[in-house]
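The values are calculated or read from the model by the stated rules, or taken from the named source; none is laboratory data. Remember, predicted model here, so these are calculated numbers, not experimental data. Using ideal geometry, Cβ is built from the backbone for each residue, glycine included, and neighbour counts are taken over all protein chains shown. The area values use the complete protein model at the heavy-atom level, side chains included, leaving out ligands, DNA and RNA. Shrake-Rupley method; radii C 1.70, N 1.55, O 1.52, S 1.80 Å.
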Amino acid sequence: RRIREVERLLSGKTGPSIDVGFHCGYLTNYVTRIHHSPAVGIDISSEAIAHATVKYPADTWVTADLFHGIPLPHASFRVVTAFDLLEHLISPSALLTEIARVLQPGGLFLFTIPHETLLFRIVWKWWTVFGGATWQHVHVQEFDRAKIQALLATSGFEVRSYHQTMCGMYQYFLCQKH
């Protein structure tokens, strides 16, 4: 389902892309195939970089601590993606400013975040109990639509598309840089 949503939202949008906080690189590589051009993936985890380098050698993988910014040139990407990332950051506004910096004028930013409804909290509790303690306390931010839209506006983005999936527990935002 996630792949279909990404394809639908990015269909026809071409140009250099970057996936911020890519984890295993699967969605980064998928965006590469949609755009028919290599992507750049950035993650703090050297293990994630090693995995992605072997699994998806056509793309470029960069190790970086996003707290210190995105180590890439100004206005160098047409599309930036960030799947399940912002809720893990202490300062999501700093990253949004950096994403705006590396996007070309009119560039697109596609990201996903959980919508922490009661149903989400029940499912998440079940996941942390049965999925392992690794997942406890990893979300340091909680976003509703109004909060994230305010952050986006102050960072120079306009929301072009918004929708929820998974019984309202998951939010997709497609934004354009002013």
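Just so you know, the Cα atoms of the stretch 1-86 work out to an Rg and Dmax of 12.1, 33 Å. Neighbours of PHE77 by Cβ distance under 11 Å: Lys/Arg scored +1, Asp/Glu scored -1, total +2.
If we count every other residue with Cβ under 14 angstrom of ALA58's Cβ, Lys/Arg +1 and Asp/Glu -1, where does the sum land?
Spelling it out: positives minus negatives among the neighbours equals 0.
Taking one quarter of the surface of the convex hull spanned by the alpha-carbon atoms of the chain gives a direction-averaged projected area of 9.7 nm². Computed over protein heavy atoms with a 1.4 Å probe, the carbon and sulfur contribution to the accessible area of the chain reaches 61%. Counting charges near ASN29 (Lys, Arg +1; Asp, Glu -1) among other residues having Cβ under 15 Å from its Cβ returns a value of -1.
Based on protein heavy atoms only, the stretch 1-120 ends up with 45 Å² per residue of surface accessible to a 1.4 Å probe.
When the Cα atoms of the stretch 53-105 are aligned to their principal axes, the ranges along those axes come out at 32, 27, 18 Å in descending order.
In this Cβ point-charge picture (+1 for Lys and Arg, -1 for Asp and Glu), the chain has a dipole of about 500 debye about its Cα centre.
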